[in-house]
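S.K.: The structure's right below; bear with me while I get my questions together.
The values are calculated or read from the model by the stated rules, or taken from the named source; none is laboratory data. In this text, all values refer to a predicted model and were calculated from it rather than measured experimentally. So basically every Cβ, Gly included, is an ideal-geometry build from the backbone, and we count neighbours across all protein chains shown.
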Amino acid sequence: MIAPPGLEGVAVKETKICLIDADAGKIYYRGYDLEELAERSTYEETAYLLLYGRLPRRAELEEFRARLASLRRPPRHVEEAAGLAASAGAEPIDALRTAVSLMAAGEDLSDRSAEAELARGIKAIAAMPYVVAHFDRARRGLKPADAEYRGHAQYFLASLRGEEPDPKEARALDVMFIVYAEHGMNNSSFTAVTVASTLADMYAVITAAISSLKGPLHGGANVDAAKMIAEIGDPERVAEWVDKQLAAGRRIPGFGHRIYKRGPDPRLKILKGLAKGLAELKGDFAWLEIAEGLEEYVGAKLAAKGIYPNTDLYASVIFHYLGLPVDLNLPAFAMARAAGWAAHALEYRAQNRLIRPTERYVGPVNLRYQPLEERG
Ligand SMILES: CC(C)(COP(=O)(O)OP(=O)(O)OC[C@H]1O[C@@H](n2cnc3c(N)ncnc32)[C@H](O)[C@@H]1OP(=O)(O)O)[C@@H](O)C(=O)NCCC(=O)NCCS
């Protein structure tokens, strides 16, 4: 038996983390409706829910937030590595991946218990906003700005800008992080599980997952979608741009999804609402209108093929209104999804079996080895 291409439809583990009911247009994290979490929860609370399997009590949440705050600055060598990556002209997602990998340095990794791995996951999650903010400031020739920590999203924006964001901006990013925190057995979560199954440490797991996320068919689409909207530049040019792309046989970033082929991604509605709120806050509707134009035009052209807009379309609009440089869209995604990666790695490790599939050989056998001299 050979698995279908792309492992489409193949379940690789049982899970209690996320249920995606594509037909009903519903997503549940640990049984809780994502729409309700987006409305009422915070990223920190949602991360706790994903990692520990239940909502925290007040004192637990306070303790968790205090822990994230105390771990927000990574070890010195990690901070320096992010600065070095900036001066070498690295892409921010590569700088983040390297920084997470280096978090293993100087730490005793011999304890691979669930508690120790969870602690490493929390350390990585806590440090990611500062690493990305520091990297971006370093490449702009600015000194690090370590803001007061009042939440993952607020802290990231404040450390990036060197000044406090408008609370509405911080909340929009917070909701975005909740939405980005988890999404079932996607490519990067599968990568996380695969690496975790070798008993590699949590830093290795998250480093590998970041590599997966980078690809343009996965998280990288949120950068490509932003580049597309910038290139289109005017809602009037949507049709012309899309027609040209499709005629050249190219895909439209921010459209299509392996598991949403009969209707749009349920997260779209939440993100569209956030994008609208930010457009109003900024008094600037251009990117929103281009994204809406794309949703309508591409939708009319490709819905018959099961192609609908995905989260990356409006995520790129949100990041734009938050003033993020386009290439930070991807590490911003990673700093939210790290909670999901760690949760999947821990869940799998609780009943670990090394992931080691097989393949079907279709090449020749018994070829005669020709010495180099004879091959000319
Ligand atoms: C996400 C994605 C990889 C899912 O791919 P998939 O499930 O393997 O879908 P398929 O490659 O089987 O695509 C089915 C058909 O739709 C077309 N298609 C898929 N996504 C498309 C897009 N974004 N634009 C135009 N056509 C697209 C394919 O070319 C294919 O057409 P064909 O049947 O004429 O060959 C794919 O939709 C894509 O590349 N999207 C753009 C990148 C993106 O936004 N990624 C983020 C995902 S959250």
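S.K.: Out of segment 305-360, which residues are in contact (Cβ under 8 Å) with a residue 40 or more places away in the chain and among the hydroxyl-bearing types (Ser, Thr, Tyr)?
M.R.: Those that are in contact (Cβ under 8 Å) with a residue 40 or more places away in the chain and among the hydroxyl-bearing types (Ser, Thr, Tyr): 308, 311, 314, 316, 321, 348.
S.K.: May I ask you to verify whether residue 56 is away from the ligand (no atom under 16 Å from the Cβ), in the same structural domain as residue 189 (by TED's automatic domain parsing), of a type outside the set (A, V, I, L, M) and over 17 Å from residue 339 (Cα atoms)?
M.R.: No; evaluated as a whole, the condition is false for this residue.
Quick grid of which residues meet (1) in a helix (DSSP H, G or I); (2) in the same structural domain as residue 41 (by TED's automatic domain parsing); (3) out of contact with any helix residue (DSSP H, G or I) (no Cβ under 6 Å at 6 or more places or on another chain):
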{"position": "158", "(1), (2), (3)": "yes, yes, yes"}
{"position": "164", "(1), (2), (3)": "no, yes, no"}
{"position": "169", "(1), (2), (3)": "yes, yes, yes"}
{"position": "176", "(1), (2), (3)": "yes, yes, no"}
{"position": "182", "(1), (2), (3)": "no, yes, no"}
{"position": "190", "(1), (2), (3)": "yes, yes, yes"}
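S.K.: Evaluate segment 195-218: report whether one residue or more is part of a helix (DSSP H, G or I), of a type in the set (Gly, Ala, Ser) and closer than 19 Å to residue 309 by Cβ.
M.R.: No, because not a single residue in segment 195-218 is part of a helix (DSSP H, G or I), of a type in the set (Gly, Ala, Ser) and closer than 19 Å to residue 309 by Cβ.
S.K.: Which of the residues spanning segment 304-329 are within 11 Å of the ligand (Cβ to nearest atom) and of a type in the set (Gly, Ala, Ser)?
M.R.: 304, 306, 315, 316
S.K.: Which members of segment 15-34 meet the condition of being assigned to a strand (DSSP E or B) and either among the charged types (D, E, K, R) or within 17 Å of residue 185 (Cβ to Cβ) (or both)?
M.R.: Once the filter is applied, which keeps residues that are assigned to a strand (DSSP E or B) and either among the charged types (D, E, K, R) or within 17 Å of residue 185 (Cβ to Cβ) (or both), segment 15-34 yields 18, 19, 20, 21, 26, 27, 28, 29, 33.
S.K.: Can you tell me which residue among 339, 350, 300 is within 25 Å of residue 170 (Cβ to Cβ), aliphatic (A, V, I, L, M) and either surrounded by fewer than 20 Cβ atoms within 10 Å (Cβ to Cβ) or more than 16 Å from the ligand (Cβ to nearest atom) (or both)? I'd like the intermediate steps shown before the answer.
M.R.: Details: 350 fails: within 25 Å of residue 170 (Cβ to Cβ); 300 fails: within 25 Å of residue 170 (Cβ to Cβ).
Answer to the check: 339.
S.K.: Next question. Could you give me the residue pairs with C-beta distances under 7 Å whose first residue belongs to segment 5-17 and is more than 11 Å from the ligand (Cβ to nearest atom), whose second residue is part of a loop (DSSP other than H, G, I, E, B) wherever it lies, and which are 6+ apart or on separate chains?
M.R.: Listed by first residue and then by second, the contacts come to 10/3; 10/4; 12/185; 16/30; 16/53; 17/30; 17/182.
S.K.: Give the number of residues within segment 242-279 that are without any contact (Cβ under 8 Å) to a residue 60 or more places away in the chain, closer than 30 Å to residue 171 by Cβ, within 12 Å of the ligand (Cβ to nearest atom) and small (Gly, Ala, Ser).
M.R.: Residues flagged as without any contact (Cβ under 8 Å) to a residue 60 or more places away in the chain, closer than 30 Å to residue 171 by Cβ, within 12 Å of the ligand (Cβ to nearest atom) and small (Gly, Ala, Ser) within segment 242-279 amount to 1.
Per-residue answers, yes or no, for (1) assigned to a helix (DSSP H, G or I); (2) farther than 26 Å from residue 178 by Cα:
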residue: 65; (1), (2): yes, no
residue: 86; (1), (2): yes, yes
residue: 105; (1), (2): no, yes
residue: 118; (1), (2): yes, no
residue: 122; (1), (2): yes, no
residue: 130; (1), (2): yes, no
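S.K.: Another question about this same structure. Which of the residues belonging to segment 46-94 are of a type in the set (D, E, K, R) and within 20 Å of the chain's Cα centre (by Cα)?
M.R.: Hits for segment 46-94 are 72, 91, 94.
S.K.: Could you tell me whether segment 133-153 includes any residue that is under 15 Å from residue 206 (Cβ atoms) and of a type outside the set (Ser, Thr, Tyr)?
M.R.: Within segment 133-153, not a single residue is under 15 Å from residue 206 (Cβ atoms) and of a type outside the set (Ser, Thr, Tyr).
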